[in-house]
1. Looking at segment 211-225 only, could you name the residues that are in a helix (DSSP H, G or I) and under 16 Å from V150 (Cβ atoms)?
2. Can you name the residue in segment 123-135 that is in a loop (DSSP other than H, G, I, E, B) and within 24 Å of I34 (Cβ to Cβ) and, of all such residues, is least open to solvent (accessible area, probe 1.4 Å)?
3. If A225 satisfies all but one of (1) surrounded by 19 or more Cβ atoms within 10 Å (Cβ to Cβ); (2) farther than 20 Å from P257 by Cβ; (3) within 20 Å of the chain's Cα centre (by Cα), what's the number of the condition it fails?
4. So which helices (runs of 4 or more DSSP H) are wholly in segment 1-103 and hold at least 2 residues that are among the aromatic types (F, W, Y)?
5. Please list, ordered by first then second residue, the pairs with beta carbon atoms under 8 Å, 6 or more apart or interchain, first in segment 223-242 and over 14 Å from A8 (Cβ atoms), second away from the ligand (no atom under 16 Å from the Cβ) and open to solvent by less than 30 Å² (accessible area, probe 1.4 Å).
6. Restricting to segment 25-52, what's the tally of residues that are open to solvent by 30 Å² or more (accessible area, probe 1.4 Å) and within 21 Å of P198 (Cα to Cα)?
7. Would you mind stating whether I74 is over 16 Å from A20 (Cβ atoms) and away from the ligand (no atom under 16 Å from the Cβ)?
8. Just checking, does segment 53-65 include any residue being over 30 Å from S182 (Cα atoms) and among the hydrophobic types (A, V, I, L, M, F, W, C)?
Amino acid sequence: MELTNTTAIVTGGASGIGEACARALAAAGARVVIADLQDEAGEALAGEIGGVFAHLDVTDSAQITEVVERAGEIAPLRALVNSAGIATAVRTIGRDGEIASAFPMDTFASVVRVNLLGTFDMVRQAATVMSRNEPDANNGRGAIVNMASVAAFDGQTGQAAYSASKGGVVGLTLPLARDLSSAGIRVNTIAPGLIDTPIYNSFPDPEEFKAQLGASVLFPKRLGAPAELARMAIELITNDYMNGETIRVDGGIRLPPK
Ligand code: NAD
């Protein structure tokens, strides 16, 4: 699929993997709509890559409608990367035998709301706008890439909510591809391993923590670079024969229990 004279939306595009995808899509010729909660970083990146920033909370359906309609008005909307996501680490039960110490249901629900429901809402609304496009030479109207996680398969201690949300994204991939096939829209999912992004900034000593994580990768023994993920996203968007698949991009890591 050709990206020149099209728009591409990247949720979570102000940071990390989403930012790298936004840069790569712009380099491939798309006008990128960076849709994120972070206004300052999003505006700055949009200025740098000739894109557009749209404030978006993916848990707000009405905001999604505005963003996808606006993107489709700039140029035909042909690509969507769903990179907005949040992570938590909470054990299912506490150590004191009190039910009050068990995993808070609000926390579980908010992770699922952003990572899974937000992804699905973006897909159903963006794909509706894509379905209005003229088909290209391959009868295609658009391509969608979701960011799941290797935690969808090897969820670690404390990752019940995160893994459930990402497992949901993996589970969505084939039925979405099937639902959207008649409109000429392809859907693929990337399951990133451990990638060097600001997602680790909330840890007490992020650099040391990241070095430890890197040592656990099969090869190469380091965290992945956001640009390495973006390369896969571009491949999944532009290669017309990729559809309905989830691909791990993880240096061969298999996460241990902790
Ligand atoms: P990041 O924190 O650098 O970027 C995530 C972006 O999503 C942020 O800009 C944030 O503002 C935005 N966001 C969060 N909630 C949002 C909401 N409700 N609406 C709109 N935007 C929202 O993280 P990252 O590491 O680049 O992660 C990108 C995706 O890749 C996430 O879905 C994450 O779960 C997944 N992932 C990351 C890793 C990793 O090691 N970094 C591994 C596996 C999967």
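1. Of all residues in segment 211-225, those in a helix (DSSP H, G or I) come to 211-215.
Within segment 211-225, L213, G214 qualify.
2. N133
3. Of (1) surrounded by 19 or more Cβ atoms within 10 Å (Cβ to Cβ); (2) farther than 20 Å from P257 by Cβ; (3) within 20 Å of the chain's Cα centre (by Cα), only one is false for A225: (1).
4. Working: elements: 16-27, 39-49, 61-74.
Answer list for segment 1-103: none.
5. D240/M1; D240/G140; D240/R186; M242/R186
6. Adding up the residues that qualify gives 10.
7. Details: over 16 Å from A20 (Cβ atoms): yes; away from the ligand (no atom under 16 Å from the Cβ): yes.
The answer is yes for I74.
8. Going residue by residue through segment 53-65, those that are over 30 Å from S182 (Cα atoms) are 53, 55.
If we keep only those that are among the hydrophobic types (A, V, I, L, M, F, W, C) too, we end up with 53.
Yes: one or more hits.
The values are calculated or read from the model by the stated rules, or taken from the named source; none is laboratory data. Every value quoted in this text rests on a predicted model; they were computed, and no experiment measured them. Note: ideal-geometry Cβ built from the backbone for every residue, glycine included; neighbour counts use all protein chains shown. We work out accessible area using only protein heavy atoms, side chains counted, and drop any ligands, DNA or RNA first. Shrake-Rupley method; radii C 1.70, N 1.55, O 1.52, S 1.80 Å.
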